[in-house]
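Beneath this line is the structure, given in structure tokens, with notes to follow.
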Amino acid sequence: MSVADIVSRCEQMYEDLDFSYARKWKAAQAGRKVVGFLPVYVPLEMIHAAGCLPLGIFGGGDSMEVIHGDAYYQSYICRIPRSTIELGVTKRLDFVDGMLFPFVCDVIRNLSGMWKIMFPNVWTKFFDTPQNFDPAIGGTYYVQELQELREGLEHLTGRKISDDDIRRSTRLYNENRNLVRQVYALRAKEPWKCPTSEVYVLMRAGLMMDVEEHNQMLKDYMAAASAEDRPKRDNVRIAIFGSFCEQPPLNLIKSIEMAGCYVVDDDYAVVNRFLTVDVPTDGNPLEALALTYCTHSVETSCKYVPVEEDKGKFHIAAVKASGAEGVIYATPSFCDPALLDRPMVCHRLSDAGIPYIAFKYAENSGQMQPIREQAGTFADSIKLWS
Ligand code: SF4
């Protein structure tokens, strides 16, 4: 399969706000259930172990007009909750049986309450991940939260989820995370072969499809991209941070590349990279998930960093590991967690001698020229003075 074929399929899934893949998956077998999830992280293996399809809901992007959604919110919050409401009230999610709202911020937490009231027939769970990362405290709490999730899914599907079911699913998602890391490593090594506009839709498609199918797709993409002869440009290598929840439009991602930047690391739709190592598949599977979450997960603005001096260390290490020459800190407008984090992280980048720029976007941002000019000037300044 060629790169163009794979990317074209992923783009179709990315643009499809009727979620045809998930609808077809559900219709293919009686009794199948689809469980949607909001950013930033939920344990997909738990949904899979229940026999359900995890479906990433990342708002409405830039192609959907939000009419009803705006009526539910004040003007000064981000766009993803409005467009998610719009997806719901326009019946685009009418086939979804359950919804998980992870603890990202107050906006998503409140959206879970609204969903319960607006869609009473949908099993809706606020998935409360811990902010204490001591395995004995936050880990113990998280095992209980995972057990509650397990019982909720069992209630939804009418069948028990055994420890072996979870272990089997964890193995598949370990493979997925491994392959995702390989794609990221390939892009960091030869970014001209794996443009981020392609890698991004490849990852987004994976959050909407069967994991085994996505594992094969990742292998096919790496084989095809490695074999393609693409010109190497005189671009600078940059890392993107701050884009973990509401997603920028694809045109914005393309604009950054067209401005002369190779994106060699990012936190776009970070759910499939949230855990950075394999989850053990022996022992208690819930304890394994909880321990991995507490000890080996990425740092985003939704996670509390208890020691102030540690703030930004994760970002600096990621810059060094990927060989990035600078950082673009790109966050959704009105995103409280990211905008609170931004000055602290950028301050640390500055102290470490890493150049950065910062800007805000919305999922429906339309004016790319200012972004292109800003990113282009940043790239030139790195080339000239770094
Ligand atoms: S974009 Fe930011 S403020 Fe909005 S829901 Fe996501 S984390 Fe919360």
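The values are calculated or read from the model by the stated rules, or taken from the named source; none is laboratory data. Everything numeric in this text was worked out from a predicted model, so none of it was measured. Positions of Cβ are backbone-derived with ideal geometry, glycine not excepted, and every protein chain shown enters the neighbour counts. Remember, those area values only see protein heavy atoms, side chains included, never the ligands or the DNA or RNA. Shrake-Rupley method; radii C 1.70, N 1.55, O 1.52, S 1.80 Å.
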Test each condition in (1) in a helix (DSSP H, G or I); (2) more than 15 Å from the ligand (Cβ to nearest atom); (3) over 24 Å from THR276 (Cα atoms) for GLN29 and report the one that comes out false.
(1)
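In this structure, is ILE108 buried (at least 22 other Cβ atoms within 10 Å of the Cβ) and of a type in the set (A, V, I, L, M, F, W, C)?
Working: buried (at least 22 other Cβ atoms within 10 Å of the Cβ): yes; of a type in the set (A, V, I, L, M, F, W, C): yes.
So ILE108 passes the test.
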Output the qualifying pairs, or none if there are none: Cβ atoms under 6 angstrom, residues six or more apart or on different chains, first residue in segment 78-107 and touching a residue at least 24 places away in the same chain (Cβ under 8 Å) and under 29 Å from GLY31 (Cβ atoms), second residue open to solvent by less than 10 Å² (accessible area, probe 1.4 Å) and away from the ligand (no atom under 16 Å from the Cβ).
VAL96/VAL34; ASP97/VAL34; GLY98/VAL35
Search result, residues across segment 71-129 that are away from the ligand (no atom under 16 Å from the Cβ), part of a loop (DSSP other than H, G, I, E, B) and out of contact with any Cys (no Cβ under 9 Å at 6 or more places or on another chain):
THR90, LYS91, ARG92, LEU93, ASP94, PHE95, VAL96, PHE119, PRO120, ASN121, VAL122
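Taking segment 111-148 only, how many residues are polar (S, T, N, Q), within 21 Å of the chain's Cα centre (by Cα) and open to solvent by 30 Å² or more (accessible area, probe 1.4 Å)? Spell out how you get there, then give the answer.
So the first thing to find is which residues in segment 111-148 are polar (S, T, N, Q), and the list is 112, 121, 124, 129, 131-132, 140, 144, 147.
Those left that are additionally within 21 Å of the chain's Cα centre (by Cα): 112, 124, 129, 131.
Next cut, open to solvent by 30 Å² or more (accessible area, probe 1.4 Å) only: 131.
Residues in segment 111-148 being polar (S, T, N, Q), within 21 Å of the chain's Cα centre (by Cα) and open to solvent by 30 Å² or more (accessible area, probe 1.4 Å): 1 in total.
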Failed condition for ARG230, given (1) touching a strand residue (DSSP E or B) at 6+ places or on another chain (Cβ under 9 Å); (2) more than 19 Å from LEU275 (Cβ to Cβ), with all others met?
(1)
State all residues of segment 74-105 that are open to solvent by less than 20 Å² (accessible area, probe 1.4 Å) and among the hydroxyl-bearing types (Ser, Thr, Tyr); if no residue qualifies, say none.
SER83, THR84
Residue among TYR268, TYR304 that is closer than 30 Å to ARG150 by Cα, aromatic (Phe, Trp, Tyr), open to solvent by less than 50 Å² (accessible area, probe 1.4 Å) and not in a helix (DSSP H, G or I):
TYR268
So if I check each of PHE334, PHE359, which one is within 16 Å of the ligand (Cβ to nearest atom), on the phi > 0 side of the Ramachandran plot and among the hydrophobic types (A, V, I, L, M, F, W, C)?
PHE334
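Only one residue in PRO231, PRO249 is in contact (Cβ under 8 Å) with a residue 40 or more places away in the chain and either in contact with a Lys or Arg (Cβ under 8 Å, 6 or more places away or on another chain) or surrounded by fewer than 22 Cβ atoms within 10 Å (Cβ to Cβ) (or both), so which one is that? Lay out the reasoning, then the answer.
Working: PRO231 fails: in contact (Cβ under 8 Å) with a residue 40 or more places away in the chain.
The unique qualifying residue is PRO249.
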Enumerate the pairs (first residue in segment 314-340 and modelled with pLDDT of 95 or more; second residue anywhere and among the small types (Gly, Ala, Ser) and near the ligand (Cβ under 9 Å from one of its atoms)) with beta-carbon separation below 6 Å, excluding pairs fewer than 6 apart on the same chain, so at least 6 apart or on different chains.
THR331/ALA338; PRO337/SER301; ALA338/SER301
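Suppose the filter is open to solvent by less than 50 Å² (accessible area, probe 1.4 Å), hydroxyl-bearing (Ser, Thr, Tyr) and touching a helix residue (DSSP H, G or I) at 6+ places or on another chain (Cβ under 7 Å); does THR292 pass it?
Values: open to solvent by less than 50 Å² (accessible area, probe 1.4 Å): yes; hydroxyl-bearing (Ser, Thr, Tyr): yes; touching a helix residue (DSSP H, G or I) at 6+ places or on another chain (Cβ under 7 Å): no.
When the stated conditions are applied, THR292 does not pass them.
Yes/no matrix, rows are residues, columns are (1) out of contact with any strand residue (DSSP E or B) (no Cβ under 6 Å at 6 or more places or on another chain); (2) part of a helix (DSSP H, G or I); (3) under 27 Å from CYS78 (Cα atoms):
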{"position": "VAL201", "(1), (2), (3)": "yes, yes, yes"}
{"position": "ARG204", "(1), (2), (3)": "yes, yes, yes"}
{"position": "TYR221", "(1), (2), (3)": "yes, yes, no"}
{"position": "ALA239", "(1), (2), (3)": "no, no, yes"}
Considering only segment 3-50, how many residues are without any contact (Cβ under 8 Å) to a residue 60 or more places away in the chain and under 17 Å from the mean Cα position of the chain (by Cα)?
1
Within segment 56-72, is there a residue that is within 25 Å of ARG150 (Cα to Cα) and open to solvent by 10 Å² or more (accessible area, probe 1.4 Å)?
yes
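Given the criterion part of a helix (DSSP H, G or I), under 25 Å from ILE77 (Cβ atoms) and among the polar types (S, T, N, Q), identify the matching residue among ASN251, ASN215. Give the steps one after another, and end with the answer.
Details: ASN215 fails: under 25 Å from ILE77 (Cβ atoms).
Result of the check over ASN251, ASN215: ASN251.
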